[in-house]
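Reading through the structure tokens given below for one structure.
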Amino acid sequence: MTRIRRPIGRLTVMEQRLEGEFRYVNSRIIVNSEEIAFYRGGKREKTTLDLSFRQLVGHLRKSIQFRFMLGLVESMVGKYVATVVGYLAISRPFLDRNHRFTSLSHSERLEDYYRNGRMLIKMAEAIGRLILAGREMTRLAGFTSRVSELVVVINDLKKGHYERTMISDSARSNCNGVSLDTKTKRCDLVPGRGRVILKDNVIRFDHVPLVTPNGDVLINDLNFEVHSGMNVLVCGPNGCGKSSLFRILGELWPLFGGILTKPDMSNLFYIPQKPYMTLGTLRDQVIYPDTVQDQMRKGVTDSQLLSYLDTVQLTHVLDREEIGRASCRERV
């Protein structure tokens, strides 16, 4: 049995490594979710996440199959060996000539022997089932709670319900104790009430409130207009709504009111506050959020990518560490 169990160590090490990679990919998406959303890299990140998940699931299937077969062998050995040992232990009194069973008839001794053996086996099986059932029920309760919370959140997202309990409850409870104007501004905010108009060469906020998905009002009524070619600097203290303005403009946050006029997402490019580097090669960084297949479909060549690097003065990334330019074109 020890020889049969040897692959378990190797399978466990690989499982932990793949689980670590999968958690790392998930944590990167969570930490850089805003940057990914601005870059419209959801499809690309989903591809990376699916690849990591498939590798983990494939290994888990192999590991589970091996453990299942090993469990069958161990159960058979444990069950029948334990039964034989149990019956052997029970048979000792019946084989002792000085024991009280010697005074009984053959049929009575056989009856006592069989009854005691069955009671011993059934008691061991019952105790084992109780222990396993308690452990599995405890694990199942934890999984059920987490799945239930996930289902509630998914249903809220499908319905367009973005309010959090701690914000919505406190906001509604305070609606009865504030003035009429504040009450109207605070309690009449509904996600998706605003309207978005797609129009090139202009960005216009017409009576648009800046409201976080939690329901916190940053600006009650925002009005301004920016035409193509204008340079605009948005400044202010921390928490005044500078980043929130671009989150609403990038459609990361719901529009709670007013009219937002802006170009289509394909005609706007956002530069996040924090740089984001995706997993992959230098080519993957340059063409992000496109994939290599998207690059080939669009007809973009490696020479064009090199010219882009030269435009932004990043060709030294290719030439550093004494890598030749010819080999670089093969590794971009």
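The values are calculated or read from the model by the stated rules, or taken from the named source; none is laboratory data. In this text, all values refer to a predicted model and were calculated from it rather than measured experimentally. Neighbour counts are summed over all protein chains in view; Cβ atoms, including those assigned to glycine, are modelled from backbone coordinates with ideal geometry. Heads up: the accessible areas ignore ligands, DNA and RNA and are worked out on the full protein's heavy atoms, side chains in. Shrake-Rupley method; radii C 1.70, N 1.55, O 1.52, S 1.80 Å.
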Contacts under 6 angstrom Cβ, first residue in segment 290-309 being open to solvent by less than 70 Å² (accessible area, probe 1.4 Å), partner assigned to a helix (DSSP H, G or I), 6 or more apart: GLN295/ILE287; ASP302/ARG329; LEU305/VAL286
Matching residues, segment 214-243, being surrounded by 14 or more Cβ atoms within 10 Å (Cβ to Cβ) and within 14 Å of GLY257 (Cβ to Cβ): GLY215, VAL217, LEU218, ILE219, ASN220, LEU222
Residues being closer than 30 Å to PRO209 by Cβ, open to solvent by 50 Å² or more (accessible area, probe 1.4 Å) and not acidic (Asp, Glu) - total across segment 261-289: 6
Single residue of GLY258, GLY299, GLY241 found to be modelled with pLDDT under 85 and among the small types (Gly, Ala, Ser): GLY241
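Okay, residues lined up against (1) in a helix (DSSP H, G or I); (2) modelled with pLDDT of 85 or more; (3) touching a helix residue (DSSP H, G or I) at 6+ places or on another chain (Cβ under 8 Å):
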{"position": "GLN273", "(1), (2), (3)": "no, no, yes"}
{"position": "MET277", "(1), (2), (3)": "no, yes, yes"}
{"position": "ASP284", "(1), (2), (3)": "yes, yes, yes"}
{"position": "PRO289", "(1), (2), (3)": "no, yes, yes"}
{"position": "GLN293", "(1), (2), (3)": "yes, yes, no"}
{"position": "GLN304", "(1), (2), (3)": "yes, yes, no"}
{"position": "LEU309", "(1), (2), (3)": "yes, yes, yes"}
